[in-house]
Every structure is written in C-alpha cells, then in structure tokens.
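Readers should treat all values here as calculations from the given coordinates under stated rules, not as data from a laboratory. Here the structure is a predicted model, which means the values were calculated and not measured. We place every Cβ from the backbone using ideal geometry, glycine too, and count neighbours over all the protein chains shown.
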Amino acid sequence: MRTALSRCTAALGLIVGLTLVFGAQAASTYTITGNTTSAETTATGTATAALSAFNGYYATNATNTSFAAGTTWTASAPTYYSGLGLGMCTGSDAPACAAPNHAMDNQGGTTEAVLLNFASNITLNSVGIGWSSNGTANDVGTAKIDISLFAWTGAGAPPSLTATGVTTMDTGTSGWTLVGNYSDLTDGVNAVNTGGASSSYWLVSAYNQGFSTSNALNKDPTDLTSNNDYFKLLSVSSCTSNCVPTNNTPEPGSLALASLALFGVFYSRRKIQNKL
C-alpha cells in the first residue's frame, strides 16, 4: 500500500513538473516568407493567434532625425526581398530601390514601419532580423541597427495610421504605446518587450528620434541614431500565457520538480525489485 502510494505521488510530481517545464513555453514563431520578386507574404509557425495581416507605412522626415508637427503615416506595401525578409522603397529610395534602400530604413526622407495584426492579443517577445546594414550595402551580419516597437493599447481597433499623429505616438495619447527603442540589434533573434505588454496590433519601425530619445532598452541609450539604420524583418515570436525568455529555457524550479519526480519513480521501482 505504501509503495503504491509513493509511486502515485512520484508520478503526480512528474506530471506536474513536466507540465510546468513544457507548458510554460507556449510560444509561437512567425517566419515571413514569400516570392522574391513580388509583395506576397505569409507567416508560418505554431500559431497561438493567427497573424492576419502585414501592412507597410512610412512617415516623412526631411532631416532623417525628426518629424514636423502633424506628420502622419502614409501606406506603402512591404515587399519580401531576396529570402531575407520584408523591406520597403519610399521617398528618394524608390527610383533605384537598390541595396540597402530596399530594406526598412530611416533614410531617403522617410521612416519606414511594418504593422502586424494578430487575431487576438499576444505578447510579442522577439524580433527576427534577416538582413541589416548601417549604411554600407555589404555590411551584412555585423550591422548594429536601432528600431522602435509600438503596441496598440487603446480601446477597440486602432484608427488608420494615416490619421495618426506620429509625434504623439510615444505619449500614449494616440492610443499607441511606445514599448521601447532598441539599440544595436543585429541579424538573428533579438529579445524585446521584457515588460510583457500585450496587444493584437504591433508596429515595428526603424528608429527616429522624433518618437523619443529615451527608453533605450538595449545597451547604451547614446547608441540610438536615426539616420543610418536598415533592416529586413524576417520573423517575430510571441506567446499568449506563461511567457518565458525567447530561448525557451525552462525555469529552474520546474526542472527541479521534474527531476525529483523522476528520482521518485526510479526509487520506487528499485524497492519493488529488491522485494522480489
């Protein structure tokens, strides 16, 4: 009787431990794919919430470092380039549209952004960059670029960005919240949103000091620059509950509980074998 009870207890502990280890990793990765010569884009991955739309926008900034009062966003379709992610050609970038100008950037008199619309609220916790440059077309894999991340925190669905004042987005008065300015990002997966903000609308933009010169959440705030950043958005990851770091490392407590349960099962079986 005692042996059976100990076995049940150990098994229950094992179930709970494994649930905490694996259940806490309820994350999804959305990798953007498409035709290299068209604007077609799709998302793949284990969806915790469907990614229903990509939309591109740009805001005019004649000096590349600020916005005039009353500046709003203008719609412009993003394009999937060379297997490396989404980019755009706007302003003076558009005629030639050569590297690095076909990336998301803050050059050519514009600041470019991608709006991601999910079917329900998610906690976006990483941004994947497939290509980056800080002004040199061949500077692949070593560029350190700056981005801004916004979440819609207003009531209902947001109004069209083409009616949204760019200079008020970081104040929250427009219904958008500046989640963070991130400096020195490189190719690959970059963690964002450590505060755990949740929304179904996310805006990923090349950095511009017209948004804000503070809230640099990665590295040195003085590294933020708004006139030499080019990147292609390749992926984002998200979670809906029990969010953990983007490397999906189980919490130590969960691992300890699972290990203890496994030991209990092993010990119980040894006791039974010794009585036989």
Put in order of increasing Cβ neighbours within 10 Å, starting from the fewest, Ile145, Ile32 give Ile32, Ile145
J(HN,Hα) series, the stretch 145-154, from Karplus relation 6.51 cos²θ - 1.76 cosθ + 1.60, nearest Hz, glycine and proline x: 10, 10, 10, 10, 10, 10, 10, 7, 10, x
For the stretch 163-177, 3J(HN,Hα) per residue [Karplus equation, 6.51 cos²θ - 1.76 cosθ + 1.60, θ = phi - 60°, Hz, x = Gly/Pro]: 10, 9, x, 4, 6, 9, 5, 7, 8, x, 6, 8, x, 9, 10
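Give me Lys144, Lys232 ranked fewest to most by other Cβ atoms within 10 Å of their Cβ, as a rough exposure proxy.
Working: Lys144 17, Lys232 28.
Lowest to highest Cβ neighbour count: Lys144, Lys232.
How much of the pair distance distribution for the stretch 136-210 lies past 15 Å, counting alpha-carbon pairs only, in percent? Don't skip to the answer; put the middle values down first.
Values: 1610 of 2775 pairs.
Every Cα pair in the stretch 136-210 considered, those over 15 Å come to 58 percent.
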Sequence of Trp202, Trp152 once ranked by neighbouring C-beta atoms within 10 Å, starting from the fewest: Trp152, Trp202
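Starting from 0.36 nm per residue, how many nanometres of slack lie between Thr186 and Ala96 once their C-alpha separation is accounted for? Spell out each step's value before the answer.
Numbers: separation 90, 0.36 × 90 = 32.40 nm, distance 2.52 nm.
Result: 29.9 nm gained on full extension.
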Inter-probe distance in nm under a simple model that places probes 7 Å from Cα toward Cβ, at Ala50 and Thr74: 3.3 nm
